[in-house]
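The structure appears below as structure tokens.
The values are calculated or read from the model by the stated rules, or taken from the named source; none is laboratory data. Note that the structure is predicted; figures quoted are calculated from it, not measured. Methodologically, a virtual Cβ is constructed for each residue, glycine included, from the backbone with ideal geometry; neighbour enumeration extends over all protein chains shown. Ligands, DNA and RNA are excluded from the accessible area calculation, which covers all protein heavy atoms including side chains. Shrake-Rupley method; radii C 1.70, N 1.55, O 1.52, S 1.80 Å.
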There are 4 protein chains.
Amino acid sequence: MTKREQVLETTLNLITDLGFHATPMALIIKKSNVAAGTIYHHFKNKEDLIDTLYSELKAEMGKAIIQGINEELIYKEKFFRIWKNLFLFFLNNPKKFEFLEHYAHSPLIRKEIKQVSKSYYRPAIDFIESGIKLGILRELPVDISINLIFGNISTFVRMILLEEIVFNEELLEKTIQSSWDSIKTN
Amino acid sequence: MTKREQVLETTLNLITDLGFHATPMALIIKKSNVAAGTIYHHFKNKEDLIDTLYSELKAEMGKAIIQGINEELIYKEKFFRIWKNLFLFFLNNPKKFEFLEHYAHSPLIRKEIKQVSKSYYRPAIDFIESGIKLGILRELPVDISINLIFGNISTFVRMILLEEIVFNEELLEKTIQSSWDSIKTN
Amino acid sequence: MTKREQVLETTLNLITDLGFHATPMALIIKKSNVAAGTIYHHFKNKEDLIDTLYSELKAEMGKAIIQGINEELIYKEKFFRIWKNLFLFFLNNPKKFEFLEHYAHSPLIRKEIKQVSKSYYRPAIDFIESGIKLGILRELPVDISINLIFGNISTFVRMILLEEIVFNEELLEKTIQSSWDSIKTN
Amino acid sequence: MTKREQVLETTLNLITDLGFHATPMALIIKKSNVAAGTIYHHFKNKEDLIDTLYSELKAEMGKAIIQGINEELIYKEKFFRIWKNLFLFFLNNPKKFEFLEHYAHSPLIRKEIKQVSKSYYRPAIDFIESGIKLGILRELPVDISINLIFGNISTFVRMILLEEIVFNEELLEKTIQSSWDSIKTN
DNA sequence: CATGAATGAGGTTTCATTCAT
DNA sequence: GATGAATGAAACCTCATTCAT
């Protein structure tokens, strides 16, 4: 593990645990066993460190979403697959989930970075658009559909992580179904 | 307007615009026309100020939710009413919306405060529970249903505020419908 | 007990327990059940409060020193009496002892106040001077003798209060004797 | 001279001149030609700075006490030597004297620090104990004898520094003698 | 690439004091 | 005499960042 990676991982852990405002560089330096100068060798400044972290996590998430999707599946199967992909990525990476959720709408991440990061889930957008064209999905603005789905997944994940519900396959299917019912045509 | 109210209002505006870490007390002091000591007379420290703000806004939101609900309405009408109540509260109070959304899952707000604040939407929880008992809503954990609905509303509001979609009555009805379809029994 | 007395007593207790720097007016106000303004009605400011306390305690100490001294006693008996008087005053008033000891040489108490307070143990000074004239005490500067005696008493008291030694009559006599041996002529 | 040493020396001077509460960190920073952060790099906070200063001065004093003591000297000569060593250390280092005296019994210095500092004059304690065993000194608790001697020295030094007496060899001998007479057997 | 002592602007908070009631 | 909300200067300390090694 390189120093650079150590820093990014430590930052992720600290920021999700304590929040940005309670995570000074000094703490990141201490917990990642790195010298102050080393961080500034790899990242321009604190903002750049956060932006980089956000950006890399978004890319990782983008990759996770499309795993196992192939053209043999029918539309609804693809939808279920994507939903589960994202769900599992979040569930298995709770810190990354926390971070991405929290800073998605924060003034802390520069808009430019958010814009670039959006490209990572271009495939998801395309998928929704095609669904509408095919008449499988309702005529809602794509971003609404996208956000409805993402929102549902993140709510579901959060509740499992906070142990407000106990996960089981049946509940998972019901929840995906409830997502599907909210976007499919009747 | 008391000094205390001045401080809370200014804090809400500044924090939503700039973020917590970019809102120094000095700025709150200046913009609320109050002396430094006065803030610390009313609030223990910066954290307590934020906690108080969060708590009071949650209470206000709780009141907004149940307006106009009476026993003459049928279940689905009540649901639509509640959905619109919350939607309008957020849309008409964008700063409050921003703040509540952003700090809902932040380590900044003490867990104790979050717990207390939860009581403010007790009526909503009761409403969902009764819907399930009556067989109108699916057998999903109440908190999931609640969060699905809240999540949908907030996604919808955010997109209107960010001007990613243009609001109209038809779209509103479609969106509520998509929420309703995700929780109602088939 | 008047409000003024409440304030003085609370101040004595807090300052000896916490030190001057850790005893803000706000704490004195709280612990003495008095309003901020009330203190400033009785004392010009914080310095005046401390000065007054010091001054009144010195006066009280002055009175204690000369109790039971009458002309029927021989010189050495008077010395033992005075020594015990001061010893008992300190032992029975540990907070007053602490305070007087600590602020005796502190830049906190205005020199003017110290000067005035000195007059309270004029009788002790006269007593030493007469001892030297009578040839009973050594030819040492009066202030040295005075301070040697006071120093010994305070050391003795402090050790009892800190439970570094256990008090008994025999030890008391030995200690006074050691004081007497250090100033009497051979 | 390191930055750390600069800070300690400046602190000693300022605190003895003005007192703790009248010596803001800003003044220490200015007078020691150091940046604010530099102090906090070396010391945890203001209290730690004072504690460290106290501790280091005690150690220095401990070293001074035992200079020139060797086994060829008889007991009384050693006593006179030790007395003079401490006397001279205080007289030649008036600021250190002031500081050590003033904070010896102050709640400002943490008890833990005081405990550790006590070890620095272990040799003096051993010396007194051996004197009692040899029958040269009275059967008084060691700490009493120690404190009586220290008390006398400090009273003497203080009076010279305050110019309440004029120092000369004869007076010095008389004062040591008065100390000796208070602890030796008759 | 890596280090960590040093920086100093600016952060949060304290605190003696006032004054209208 | 007594109250306590309000004041704002100044206190302590933090923190992102630099730079000589």
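Observations
- Residue within the range D:80-88 that is within 14 Å of chain C (Cβ to nearest Cβ), more than 16 Å from DNA strand F (Cβ to nearest atom) and in contact with a helix residue (DSSP H, G or I) (Cβ under 9 Å, 6 or more places away or on another chain) present: yes
- Test: residue in the range B:77-91 that is open to solvent by 70 Å² or more (accessible area, probe 1.4 Å) and either modelled with pLDDT under 95 or under 17 Å from B:Pro123 (Cα atoms) (or both): yes
- Flag for D:Glu47 being in contact (Cβ under 8 Å) with a residue 40 or more places away in the chain, within 13 Å of another protein chain (Cβ to nearest Cβ), within 16 Å of DNA strand F (Cβ to nearest atom) and surrounded by fewer than 20 Cβ atoms within 10 Å (Cβ to Cβ): yes
- Total residues in the range A:1-17, condition within 12 Å of another protein chain (Cβ to nearest Cβ) and open to solvent by 70 Å² or more (accessible area, probe 1.4 Å): 1
- Any hit, the range C:31-43, residues being open to solvent by 30 Å² or more (accessible area, probe 1.4 Å), hydrophobic (A, V, I, L, M, F, W, C) and at pLDDT 95 or above: yes
- Exactly one residue out of A:Lys76, A:Lys63 is at negative phi and touching a strand residue (DSSP E or B) at 6+ places or on another chain (Cβ under 9 Å), and it is A:Lys76.
- Residue in the range A:46-64 that is modelled with pLDDT of 95 or more, under 19 Å from B:Ala22 (Cβ atoms) and of a type in the set (S, T, N, Q) present: no
- Meets criteria (modelled with pLDDT under 95, within 14 Å of chain D (Cβ to nearest Cβ) and within 15 Å of DNA strand F (Cβ to nearest atom)) for C:His102: no
- Count of the range A:116-172 residues, restricted to those that are among the basic types (Lys, Arg) and at pLDDT below 90, is 2.
- Segments classed as helices (runs of 4 or more DSSP H), wholly inside the range C:1-92, with at least 3 members that are away from DNA strand E (no atom under 14 Å from the Cβ): C:3-18, C:46-65, C:75-92
- Out of B:Phe150, B:Phe79, B:Phe127, B:Phe89, sole residue that is of a type outside the set (D, E, K, R) and within 25 Å of B:Arg4 (Cα to Cα): B:Phe89
- Residues within the range B:28-44 that are more than 9 Å from DNA strand F (Cβ to nearest atom) and either hydrophobic (A, V, I, L, M, F, W, C) or out of contact with any helix residue (DSSP H, G or I) (no Cβ under 6 Å at 6 or more places or on another chain) (or both), tallied: 4
- Flag for D:Asn93 being assigned by TED's automatic domain parsing to the domain that holds D:Arg138 and more than 29 Å from D:Leu134 (Cβ to Cβ): yes
- Taking the criterion of being facing chain C (nearest Cβ under 10 Å), among the polar types (S, T, N, Q) and without any contact (Cβ under 8 Å) to a residue 12 or more places away in the chain, the residues of the range D:128-186 that qualify are D:Asn147, D:Thr155, D:Gln177, D:Asn186.
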